[in-house]
Amino acid sequence: MQQFTQQISVKAQGRKLYDITPQVLNWVNGLGLHTGLLTLYIQHTSASLLINENYDADVLVDMEAFFNRLVPDGDALFIHTVEGSDDMPAHVRTALTQTSLSIPLIENKVALGQWQGIFLFEHRHAAMTRRVLLHVLGE
């Protein structure tokens, strides 16, 4: 077994889903592994990771619309507002989604389904640079 690590940076330009599938696949494919496990981890508390459909862009729009309704900015429920009306909702969105993903490597490929993509889900409105750590254990 071998282990490999990499960090990718994503320049998020505000709240939305960013497809990071190409960066992840390019790195993993260059390792030449046949079988293993890919783990992705985001080092932030107001952004998350998702696997979702990457065929129809309307899915991403609908996901954001759903989260806007579920966790609205400026909700009077929240007392943590020092960093803006979108900060506490961003933390809640992160808690409802994921900060890490695990995906098998099978027969030299990341085992995503036909319509699946890997997304960084930025929950803040401001531009941010986000770090995602990648770790592969495989052979």
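Can you tell which of Gln43, Gln23, Gln114 shows the greatest fluctuation in a Gaussian network model of the chain with Cα springs below 10 Å?
Highest fluctuation among the options: Gln114.
With an 8 Å Cα cut-off and a minimum separation of 6 or more residues, compute the relative contact order for the chain in percent. Display every interim value, and only then the final one.
Values: 276 pairs, mean separation 77.4, N = 139.
Contact order relative to length: 56 percent.
Would you indicate which of (1) 18.9; (2) 15.8; (3) 17.1 is the value of Kirkwood radius over Cα pairs in Å derived from the coordinates of this structure?
(2)
Rounded to the nearest 500 deg cm²/dmol, what is the calculated helix-only ellipticity per residue at 222 nm for the chain, with -39500 (n - 2.57) per DSSP H run of length n ≥ 4?
It lands at -7000 deg cm²/dmol.
Over the alpha-carbon set of segment 1-56, work out the extent along each principal axis and list the three values in angstrom, largest first.
38, 27, 15
Distance from the Cα centre of segment 118-139 to that of segment 1-61, in angstrom?
That distance is 6 Å.
Since every read-out is calculated from the coordinates, none of them should be taken as a lab result. Source: prediction; values computed, not measured.
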